[in-house]
Amino acid sequence: MFRANYITFAFAMKTSNVILKILMPLVLGGAILYWMYRGEDWQTIIHVATSEMDWAWMLLSFPFGILAQAFRGWRWRQTLEPVGEHPRTSVSIHSIFISYAVSLVIPRVGEFTRCAVLNRYDGVSFPKALGTVVIERAIDSLLVLGITAVVLLLEMSTFGTFFHKTGTSVHSILSRFSLTGYLVVAACAVAILILLHFLLRKLSIYNKVRTTLRGIWQGVISLKDVRNVPLFIAFTLAIWISYFLHYYLTFFCFDFTSHLGLGCALVTFIVGSIAVVVPTPNGAGPWHFAVKTMLILYGVADVQALYFVLIVHTVQTALVILLGIYAWLALNLTSRANGISRAEPQNTQSFSQ
């Protein structure tokens, strides 16, 4: 009886966690969007989207949005080769399309989804694939930080105005911590890691976790064995250049943003890229607020900035959904048409358990 109650309780807790992971990002993003657009005339927004904007520029931006994800698929395949995994190029790219679409439902789960897609269709080791995703994200983060530093130097006055109007400053945040505070935080972090280590050793799943982590680590260190480092760098730059052009070309869709230069585009692009760190579907809410705020600092009217971020984000999100649907259909239809037997999942059991 006790065991049955325990299983029921554990299942209920697991279900609750899943529901929270889905609902909380939606609630957070929805609350921000409601706060930003409460009282707005939706008929006017629809009129701007259907009659006043130049859709030719929006359509012209689509290939760059597609290329950004395709370049990511090509680069990922390159990082998998050193760990002995050789997925098909088409499957690698389709897994990226699907991962972005899935992340619209549960933020960040797309990283696991694309590894699962490779495992299912090409038998790629899940832990190794996940390890390469970790290093990819680290490299992208470093690149974004580097671009941010350059943009800060070029557009320092604009960022100064932003910090002043929002009452935010790096100094005010750091000043709250003393040297003792930093030491305490560091000591607590070390203590937690040590505690987790000993707890894992006593759990029955320790060996499974260790095997999974070893596979992840192999993926992380695979970068040093990439055969063509210049090509890897080229793919990385192409990803972010494509992302930027996908965004920048939308400036020319509207009269009130078409005159803004590359400086404004870079600032709003970087601020938006940082804002999507907040776990909401495709950055909905935080991205709108951040980009809208920076557009206002460049002289765009408040209402016009609201129109821009809502229309651009909505259209680009629709593109992500369409690419995800296309990739899912392509993978399933191609497998059936060619009579390809799907590879049995490998090394995912230990991760899921």
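Okay, here's what the table says:
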| item | result |
| --- | --- |
| Net charge over other residues, Cβ less than 13 angstrom from the Cβ of Cys253 (K, R count +1; D, E count -1) | -3 |
| Residue order for Val105, Val133 - accessible surface, 1.4 angstrom probe, largest first | Val105, Val133 |
| Protection proxy ranking, peptides 305-315, 280-290, 257-267, average beta carbon neighbours within 10 Å, highest first | 280-290, 305-315, 257-267 |
| ³J(HN,Hα) computed for each position of the stretch 99-104 - Karplus, 6.51 cos²θ - 1.76 cosθ + 1.60, integer Hz, glycine/proline x | 4, 5, 5, 5, 5, 5 |
| Convex hull volume per residue in cubic angstrom - Cα atoms of the stretch 34-146 | 154 |
| Fully extended contour minus Cα-Cα distance, from Asp302 to Gln43, at 0.36 nm per residue | 91.5 nm |
| Whole-Hz couplings from phi, Karplus 6.51/-1.76/1.60, listed for the stretch 319-330; x for Gly and Pro | 4, 4, 5, 5, 5, x, 5, 4, 5, 4, 5, 4 |
| Packing-based order for 124-130, 139-145, 295-301, using average beta carbon neighbours within 10 Å, highest first | 124-130, 295-301, 139-145 |
| In Hz, Karplus ³J(HN,Hα) per residue of the stretch 70-80 (6.51, -1.76, 1.60; θ = phi - 60°; x = Gly, Pro) | 5, 4, 5, x, 5, 5, 5, 4, 5, 6, 7 |
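The values are calculated or read from the model by the stated rules, or taken from the named source; none is laboratory data. In this text the structure is predicted, and so the values were computed from the model without any measurement. Heads up, the Cβs are rebuilt from the backbone with ideal geometry, glycines too, and the neighbour counts pull from every protein chain shown. For accessibility, only protein heavy atoms count, side chains too; no ligands or nucleic acids. Shrake-Rupley method; radii C 1.70, N 1.55, O 1.52, S 1.80 Å.
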